[in-house]
Amino acid sequence: MGKHELLQYVDDLTQIKDYPSFQAGDTITVTYKIIEGNKERTQKYQGVVLQRRGSGPTETFTVRKISNNIGVERIFPIASPFIESIEVNKRGKVRRARIFYLRALKGKKARIKERRY
């Protein structure tokens, strides 16, 4: 078994849950499990998707939210067993795949138009 076949085997083993399709510019709510000692609780993290990166089980996505006037970004692996659900709240209309320019914008300038169908 070569290196490539071994990687493919591991890819097949890791099952990625069925999440709704989302892309950069969308506002999503990620519900994830937090384990503190022997206690377990869920927390919701709502923000704008800045990017999706990678493919397959190694894919990650970055979500940015404003908390107490401070921008907070969190990177989630798509295959994480701690993610319980992803809910798309709003579909954003952006013209690029990675919207890092959002970091420099504040207030009303940081708004994203909603995508029409």
Count of the range 74-93 residues which are open to solvent by 80 Å² or more (accessible area, probe 1.4 Å), basic (Lys, Arg) and over 11 Å from the mean Cα position of the chain (by Cα): 2
Top-ranked residue in the range 99-109 [being in a helix (DSSP H, G or I) and without any contact (Cβ under 8 Å) to a residue 24 or more places away in the chain; ranked as least open to solvent (accessible area, probe 1.4 Å)]: GLY107
Is it true that LYS90 is in contact with a Lys or Arg (Cβ under 9 Å, 6 or more places away or on another chain) and free of Cβ contacts under 8 Å to residues at least 24 places away in the same chain? no
Could you say whether any residue in the range 23-35 is open to solvent by less than 60 Å² (accessible area, probe 1.4 Å), among the acidic types (Asp, Glu) and over 30 Å from TYR9 (Cβ atoms)? yes
Kindly establish whether GLY47 is out of contact with any Asp or Glu (no Cβ under 7 Å at 6 or more places or on another chain) and open to solvent by less than 50 Å² (accessible area, probe 1.4 Å). yes
Residue among ARG52, ARG96, ARG41 that alone is assigned to a loop (DSSP other than H, G, I, E, B) and either open to solvent by less than 30 Å² (accessible area, probe 1.4 Å) or not hydroxyl-bearing (Ser, Thr, Tyr) (or both): ARG96
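The values are calculated or read from the model by the stated rules, or taken from the named source; none is laboratory data. The model shown is predicted, which means the values in this text are computed figures rather than measured ones. Neighbour counts are summed over all protein chains in view; Cβ atoms, including those assigned to glycine, are modelled from backbone coordinates with ideal geometry. Keep in mind that these areas ignore ligands, DNA and RNA; they rest on the heavy atoms of the full protein, side chains included. Shrake-Rupley method; radii C 1.70, N 1.55, O 1.52, S 1.80 Å.
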